[in-house]
1. Yes or no: Gly57 touching a residue at least 12 places away in the same chain (Cβ under 8 Å) and within 16 Å of the chain's Cα centre (by Cα)?
2. What do you reckon, is Asn43 surrounded by fewer than 16 Cβ atoms within 10 Å (Cβ to Cβ), at pLDDT below 95 and among the polar types (S, T, N, Q)?
3. Taking segment 80-98 only, how many residues are out of contact with any Lys or Arg (no Cβ under 9 Å at 6 or more places or on another chain) and surrounded by 17 or more Cβ atoms within 10 Å (Cβ to Cβ)?
4. Take the conditions of a type in the set (A, V, I, L, M, F, W, C), within 27 Å of Phe136 (Cβ to Cβ) and touching a Gly at 6+ places or on another chain (Cβ under 6 Å) and apply them to Ala91. Does it pass?
5. Considering Asn111, Asn139, which residue is closer than 15 Å to His10 by Cα and out of contact with any Ser or Thr (no Cβ under 9 Å at 6 or more places or on another chain)?
6. What residue, of Trp101, Trp116, is under 18 Å from Thr20 (Cβ atoms), under 12 Å from the mean Cα position of the chain (by Cα) and surrounded by 16 or more Cβ atoms within 10 Å (Cβ to Cβ)?
7. If the Cβ limit is 8 Å and pairs must be 6+ apart or interchain, which residue in segment 4-16 that is more than 22 Å from Leu131 (Cα to Cα) pairs with which residue that is part of a loop (DSSP other than H, G, I, E, B) and not hydroxyl-bearing (Ser, Thr, Tyr)?
8. Can you confirm whether Ser40 is outside any strand (DSSP E or B), under 20 Å from Trp15 (Cα atoms) and touching a residue at least 40 places away in the same chain (Cβ under 8 Å)?
Amino acid sequence: MQDIDRNAYHFTTRWRFEGTCEEVSALLEDTARIAHWWPSVYNRVSIVREGGEHSLGKIVDIETKGLLPYTLRWHYEVTEVHYPNGSTLVASGDLDGAGRWQIDQDGQNVNVAYDWRVRANHPFIRRFGWLMRPLFAANHNWTMRDGERGMRRELERLHSGSPSTSSG
């Protein structure tokens, strides 16, 4: 019988926007602004080390939340960049694992996929994962839908020429 890691999670999220790969990449790369367009999820973003071209090597400490009553504290390093078609990050802290953004142009639209493979180290998730796994997955999905809404608003502002502001 195979031993299943009950604290391992794998999520794939897909978004589609009107715009360009370069626009989406710029929004994801601008870590200092992500909390402005995704404020319901990103509590704190602190850049520990600026990366090189297109954020390669950047290290960021963050606190994230969702609908459930806990905050995740973790950091990530951008380990690969395939500008403007995506990047890979390695996470550690309350979440250990890797995330990969894939960004592809499709005519006037951009298809975005995020593959997130992590192991939860947060005490609440580890303790109740056996019981609440579907709720943790729903919480992740809610946060990603909220990110999609925020990015869509930012792209619409960019296309309309309006200044970027905090979402509400």
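The values are calculated or read from the model by the stated rules, or taken from the named source; none is laboratory data. Every value quoted in this text rests on a predicted model; they were computed, and no experiment measured them. Neighbour counts run over all protein chains shown; Cβ positions are idealised from the backbone, glycine included.
1. no
2. Values: surrounded by fewer than 16 Cβ atoms within 10 Å (Cβ to Cβ): yes; at pLDDT below 95: yes; among the polar types (S, T, N, Q): yes.
So Asn43 passes the test.
3. Looking only at that region, the number is 3.
4. yes
5. Numbers: Asn111 fails: closer than 15 Å to His10 by Cα.
On inspection, the qualifying residue turns out to be Asn139.
6. On the way: Trp116 fails: under 18 Å from Thr20 (Cβ atoms).
None of the other options fit; the residue is Trp101.
7. none
8. On the way: outside any strand (DSSP E or B): yes; under 20 Å from Trp15 (Cα atoms): yes; touching a residue at least 40 places away in the same chain (Cβ under 8 Å): yes.
Yes; evaluated as a whole, the condition is true for this residue.
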